[in-house]
Amino acid sequence: MELRQLQYFVEVAKREHISQAADNLNVAQSAVSRQISNLEAELGTPLFERVGRNVRLTPIGKIFLEHTVTALKAIDFAAKQVEEYLNPEKGIIKIGFPTSLASYVLPNVISAFKKEFPDISFHLRQGSYKYLIEAVKNRELNLAFLGPLPPKDEAIIPTVLFSEKFYALLPANHPLTNNSQLYLVDFRDEDFVLFPEGYILNKVAVDACRAAGFIPKINSEGEDMDALKGLVSAGIGITLLPESSLYDSMPRYTVKIPIASPAITRTVGIISPSNRDISPSEQVFLNFVKEFFYKLAKFG
């Protein structure tokens, strides 16, 4: 059984037409037909049946296709791994990130990394807090930025990069905008705009309000940072956001003010698998990120 036979088989199965498959593979139709016949002879069973000018997978062919696609993906992945081991500075890094790190942290890190390693490419996947953790555990991703970091377990290793405070974001006409700092209890009668329940930043905000002695009145919800900032800008309510999300993207008609009590902070970092190796390119990136934030902390 040859790799070429499997590739031809998948192409014919996808198009259900031998000549079209041959055209797409840029080979003669007779070559495709011969390889399919050889594969069927080796397996001892037909994989296709004729339907007019087209072909259709037999029941056994459907089973064989499923495993063949998996095998070809594994071979492709193995070839890329070998290529990366030979040259780790020309790989592809697939990394996940949440919306709260999309506007400042992620662009700055990747921009700095690309200056030093211009030949490494990225495939970025935005996702929810729970999705990103599960994606690393089930091998869909090997690296993901998160904030706050989850605890270490048998499947993931969390690496803290920095800690940051939360700020209150207020409409510009709010009576407390002239204060240099605020106490969360000052907002016990205010309308809040927060992420929906189930989002980690909703939990952080609600837990902080409860620590201050009240349950927040959630007037509106938004599923991303820009939506929440827009609601505050429109005067719908106030919100609590991590400092890094406000660095370069303060919305119009809003004011950010630090919270004196209770202290609201989160750890921000990156998670990686503890039960398998990451690729050489991913290891290069992980090492770079650790050094990048170490230098930021050291030199301010």
- Message: For the list (1) at positive phi; (2) surrounded by 15 or more Cβ atoms within 10 Å (Cβ to Cβ), I need the number of the one condition that Val109 fails.
- Response: (1)
- Scanning segment 122-172 residue by residue, those aliphatic (A, V, I, L, M), assigned to a helix (DSSP H, G or I) and free of Cβ contacts under 8 Å to residues at least 60 places away in the same chain turn out to be Ala135
- Note on the structure: Across segment 241-286, the tally of residues that are under 22 Å from Lys137 (Cβ atoms) and either assigned to a helix (DSSP H, G or I) or open to solvent by less than 40 Å² (accessible area, probe 1.4 Å) (or both) stands at 16
- Message: Can you pull out every residue in segment 39-72 that is among the hydroxyl-bearing types (Ser, Thr, Tyr), without any contact (Cβ under 8 Å) to a residue 40 or more places away in the chain and out of contact with any strand residue (DSSP E or B) (no Cβ under 6 Å at 6 or more places or on another chain)?
- Response: Thr45, Thr70
- Give segment 173-188 a look and list any residue that's among the aromatic types (Phe, Trp, Tyr) and not in a helix (DSSP H, G or I), or say none. Tyr183
- Restricted to segment 54-91, and to residues that are modelled with pLDDT under 85 and not in a helix (DSSP H, G or I), which residue is nearest to Asp119 (Cα to Cα)? Gly91
- Item | Of all residues making up segment 21-39, the number that are part of a helix (DSSP H, G or I) and more than 41 Å from the chain's Cα centre (by Cα) | 7
- Residues of segment 4-38 being touching a residue at least 24 places away in the same chain (Cβ under 8 Å), under 23 Å from Ala74 (Cα atoms) and open to solvent by 80 Å² or more (accessible area, probe 1.4 Å), which ones? Arg4, Gln7
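The values are calculated or read from the model by the stated rules, or taken from the named source; none is laboratory data. The structure presented is a predicted model; accordingly, all values stated were derived computationally and were not measured. All Cβ positions, glycine included, derive from the backbone under ideal geometry; neighbour counts span all protein chains shown. In case anyone asks, the SASA skips ligands and DNA or RNA and just uses the protein heavy atoms, side chains included. Shrake-Rupley method; radii C 1.70, N 1.55, O 1.52, S 1.80 Å.
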